[in-house]
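S.K.: Sharing a structure, written as structure tokens. Questions coming.
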């Protein structure tokens, strides 16, 4: 399946998403640049975690609001909102994973995508 053309480029979208995460004090924000990884499903994965279901939900809401306000885009897919232990926001070229800390540790996405260029954003 071909990637959908976004109204903002994937780097700008990633910046907006990070701002939304920072507004709600998301922890250990990491950007995985997948553009040079063969058969990658998007340009970037962004991973962070919150300390409670409420914070995870709040981070996801902040991302959706910021992205829609600045770019007019809505997520192509949004999963996990009901439990809020792992919320996935799919903007096609940028996929965001907002975890509870223990769920993040269990799935270790950073290890799974170790071929990516991984950058940690300062809190």
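The values are calculated or read from the model by the stated rules, or taken from the named source; none is laboratory data. These figures come from a predicted structure and were not determined experimentally. As a convention, Cβ positions derive from the backbone with ideal geometry for all residues, glycine included, and neighbour counts pool all protein chains shown.
S.K.: Suppose the filter is without any contact (Cβ under 8 Å) to a residue 60 or more places away in the chain and under 18 Å from residue 22 (Cα atoms); does residue 56 pass it? Show your work before the answer.
M.R.: On the way: without any contact (Cβ under 8 Å) to a residue 60 or more places away in the chain: yes; under 18 Å from residue 22 (Cα atoms): yes.
The answer is yes for residue 56.
S.K.: Right, another one. Among the candidates 73, 65, single out the residue that is over 14 Å from the mean Cα position of the chain (by Cα) and either under 24 Å from residue 35 (Cα atoms) or loosely packed, with under 15 Cβ neighbours inside 10 Å (or both). Walk me through how you get there before you give the answer.
M.R.: On the way: 65 fails: over 14 Å from the mean Cα position of the chain (by Cα).
Answer to the selection: 73.
S.K.: Can you tell me which residues in the stretch 93-102 are out of contact with any helix residue (DSSP H, G or I) (no Cβ under 9 Å at 6 or more places or on another chain) and either surrounded by fewer than 16 Cβ atoms within 10 Å (Cβ to Cβ) or not in a strand (DSSP E or B) (or both)? Quick ask: steps written out before the conclusion?
M.R.: Here is the first cut: in the stretch 93-102, the ones out of contact with any helix residue (DSSP H, G or I) (no Cβ under 9 Å at 6 or more places or on another chain) are 95, 101-102.
Result: 101, 102.
S.K.: I'd like the full set of residues that are surrounded by 13 or more Cβ atoms within 10 Å (Cβ to Cβ) and either more than 17 Å from residue 10 (Cβ to Cβ) or within 13 Å of the chain's Cα centre (by Cα) (or both), limited to the stretch 103-116. Don't jump to the end; show me each part of the working.
M.R.: Within the stretch 103-116, the first condition is being surrounded by 13 or more Cβ atoms within 10 Å (Cβ to Cβ), and the residues that meet it are 103-104, 107, 109-110, 113, 116.
103, 104, 107, 109, 110 - these are the residues of the stretch 103-116 that are surrounded by 13 or more Cβ atoms within 10 Å (Cβ to Cβ) and either more than 17 Å from residue 10 (Cβ to Cβ) or within 13 Å of the chain's Cα centre (by Cα) (or both).
S.K.: Could you please find all residues in the stretch 8-27 being outside any helix (DSSP H, G or I), buried (at least 18 other Cβ atoms within 10 Å of the Cβ) and in contact with a strand residue (DSSP E or B) (Cβ under 8 Å, 6 or more places away or on another chain)? Even if it seems obvious, please write down each step before you answer.
M.R.: Narrowing the stretch 8-27 to residues outside any helix (DSSP H, G or I): 8-9, 24-27.
From the residues that got through so far, the ones that are buried (at least 18 other Cβ atoms within 10 Å of the Cβ) too are 8, 24, 26.
Correct list: 24, 26.
S.K.: Right, here's the next one. Name the single residue that is farthest from residue 34 (Cα to Cα) among those in the stretch 76-92 being without any contact (Cβ under 8 Å) to a residue 12 or more places away in the chain and in a strand (DSSP E or B).
M.R.: 79
S.K.: Any chance you could count how many residues in the stretch 103-123 are part of a loop (DSSP other than H, G, I, E, B), within 19 Å of residue 56 (Cα to Cα) and modelled with pLDDT under 95?
M.R.: To start, the set of residues in the stretch 103-123 that are part of a loop (DSSP other than H, G, I, E, B) comprises 108, 113-116, 121-123.
The next check asks that each one be within 19 Å of residue 56 (Cα to Cα); those that pass are 108, 121-123.
Filter again for modelled with pLDDT under 95, leaving 108, 122-123.
Summing the residues that are part of a loop (DSSP other than H, G, I, E, B), within 19 Å of residue 56 (Cα to Cα) and modelled with pLDDT under 95 in the stretch 103-123 gives 3.
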